[in-house]
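The structure appears below as structure tokens.
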Amino acid sequence: MKSVLKFLPAATLAVGLALSAAPAVAQQAAPASKASAAAVASAKEILTLKNATSMYANAVPGMVEKVKATLIGQNLNYQKDLNELAPVVAQQLAGREKEIGEGMAQAYAAQFTEQELKDLVTFYKSPLGQKLIAAEPRAIDQSMRVMNSWAQSFSETIASAFRAEMKKRGKEI
């Protein structure tokens, strides 16, 4: 069960990395949005209010480092060159993380009507919406701790059930 406990945070991280790792692929995979410009603008405002850019702000340098490490692993003789080129490539591609934000806005606009998005903007600007924005990360973190704790405890319950059933069969585990 310990591997499951490791998987939960890793799965969350994997989703974030998938968003940051392949914005062009994600953009290509998404169906063309039929959302109005106003709906997309409202979605962008929601993402701004929720500070969504913090999720992918370092996507370009992070991906450059990841690809560089892979290339070095495949081309050890070029390690010096690849290390020298990494900042150049990162500079050339700076700003491309904005593609993630565009894709996220399109995704929101595809899931909500223009009016719903406007209502969400109004909500997020309200005192309760601002409180949600501030408190939600802590609530999610606490929820993850609860899930991990439950998973650990429940795995022990399951293991006990297996041991009891195996004991009935005359087999100790």
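Where a number appears in this text, it was derived from the coordinates with a stated rule and is not lab data. From a predicted model like this one, the values you see are computed outputs, not experimental measurements. No Cβ is skipped: glycine too gets one built from the backbone with ideal geometry, and neighbour counts run over all protein chains shown.
With a ≥ b ≥ c taken as the square roots of the eigenvalues of the C-alpha gyration tensor of region 76-173, please select rounded if a/c is under 1.5 and otherwise prolate if a/b is larger than b/c or oblate if it is not? Oblate is the answer for region 76-173, as a/c is 1.5 or above yet b/c matches or exceeds a/b.
With 18 Å as the limit on Cα-Cα distance, the pairs of Lys50/Lys98; Lys98/Lys118; Lys98/Lys131 that go past it are Lys98/Lys118; Lys98/Lys131. Remark: region 80-96, residue by residue, has Karplus-estimated 3J(HN,Hα) of 4, 4, 5, 5, 5, 7, 3, x, 5, 5, 4, 5, 4, 9, 4, x, 5 Hz, where x stands for each Gly or Pro and the curve is 6.51 cos²θ - 1.76 cosθ + 1.60 at θ = phi - 60°. Within the straight-line cut-off of under 17 Å between alpha carbons, the lysines reachable from Lys68 are Lys80, sequence neighbours fewer than 8 places apart in one chain being disregarded. Cβ crowding within 10 Å ranks Arg163, Arg169 as Arg169, Arg163, fewest other Cβ atoms first.
Put in line by how crowded their Cβ is, counting other Cβ atoms within 10 Å and starting with the fewest, Tyr56, Tyr124, Tyr78 read Tyr78, Tyr124, Tyr56.
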